[in-house]
1. Kindly indicate whether any position in region 147-155 is over 16 Å from the mean Cα position of the chain (by Cα) and within 14 Å of the ligand (Cβ to nearest atom).
2. I'm checking my understanding of the structure. Among residues of region 156-187 that are open to solvent by 40 Å² or more (accessible area, probe 1.4 Å) and in a loop (DSSP other than H, G, I, E, B), which one is nearest to the ligand (Cβ to nearest atom)?
3. So Asp222 passes all but one of these: (1) part of a loop (DSSP other than H, G, I, E, B); (2) within 20 Å of the chain's Cα centre (by Cα); (3) acidic (Asp, Glu). Which condition number does it fail?
4. So, in region 124-146, how many residues would count as being more than 12 Å from the ligand (Cβ to nearest atom), of a type in the set (D, E, K, R) and over 12 Å from Lys192 (Cβ atoms)?
5. Of the residues Phe98, Phe76, Phe90, only one is away from the ligand (no atom under 16 Å from the Cβ), touching a Ser or Thr at 6+ places or on another chain (Cβ under 9 Å) and of a type in the set (A, V, I, L, M, F, W, C); which?
6. Could you list, ordered by first residue, the pairs with Cβ atoms under 9 Å in which the first is in region 226-241 and part of a loop (DSSP other than H, G, I, E, B) and the second is among the small types (Gly, Ala, Ser) and open to solvent by less than 80 Å² (accessible area, probe 1.4 Å), at least 6 apart or interchain?
Amino acid sequence: MTTVGVLLVATGKYYSHFFENLYKSSEKFFLPNTQKTYYVFTDAINQLTAVPENVIIVYQEWEPFPGPTLHRYHYFDSISEILKKHDYLFYTDVDMLFVDTVSSSYLMSKAFVAVVHPGFYKTFNHRGTPETNPNSKAFIDPSVDFEYVAGGFQGGKTKYFLMAIHTMKLSIDIDFDNGIVPVWHDESMWNKFVVLNKSNVHFCQPDMCFPQNTNINSYLSDIRAPKLIALDKNHTEVRKK
Ligand code: GAL
């Protein structure tokens, strides 16, 4: 059976607010017929009761925003030796919910999978909000046409996704040493990576990162019904320790 590592960052309030519901929804809908192991990066060690068998807790200190998102690739890279054993790795924001079946054929056709950002899908501004500082490793030249992707869900075949993780981690470090934090943090770096590797990327519609409480009919006529929903939340509140 195909084995999948699901990567989740749930430091601070994210564990108590979101983990359980995301986990349950994933067990119900995400890649049935695969064997999933969840790697949960969290500092909520004293809140852990009855952790399911397929959940591995990795202690991760809370950091103020944007640390937990900017450093996600650092977190994953730190356990790459453990992750190696899986066939595929997928990251999802923990403040999401699976609401419909996501089958393997949908995600496993290429080395990587990315999700077109719901805010820019098929709009005049499909290039979204890439990094525009030429000194950043995330810089995408304005002449390059591409579809901006969301950071909220991503993944790929383990061997390749681990390479991507490592590369993006180094790029974030190099930027940091040069006094640069890309405009949308890890998402900017992921967009750059996807642009450079686009023939190896399967692009999902925003049904894999669909904003909660958005009327699908008023959104776009060709979009498929959501499979993974990005939950509404008070960002300032949940980002506090
Ligand atoms: C927002 C989203 C951010 C980031 C941004 C990019 O809608 O909440 O996480 O993706 O778009 O412009």
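The values are calculated or read from the model by the stated rules, or taken from the named source; none is laboratory data. Model, not experiment: these values are computed from the prediction. Because the Cβ atoms are built from the backbone with ideal geometry, glycine has one as well, and the counts that use them run over all protein chains shown. To get the accessible areas, we keep the full protein, side chains included, count just its heavy atoms, and leave off ligands, DNA and RNA. Shrake-Rupley method; radii C 1.70, N 1.55, O 1.52, S 1.80 Å.
1. yes
2. Ranking the candidates gives Trp184 first.
3. Tallying (1) part of a loop (DSSP other than H, G, I, E, B); (2) within 20 Å of the chain's Cα centre (by Cα); (3) acidic (Asp, Glu), Asp222 fails exactly one: (2).
4. Residues flagged as more than 12 Å from the ligand (Cβ to nearest atom), of a type in the set (D, E, K, R) and over 12 Å from Lys192 (Cβ atoms) within region 124-146 amount to 1.
5. After ruling out the rest, the residue left standing is Phe98.
6. Matching pairs, first to second residue: Lys240/Gly12; Lys241/Gly12.
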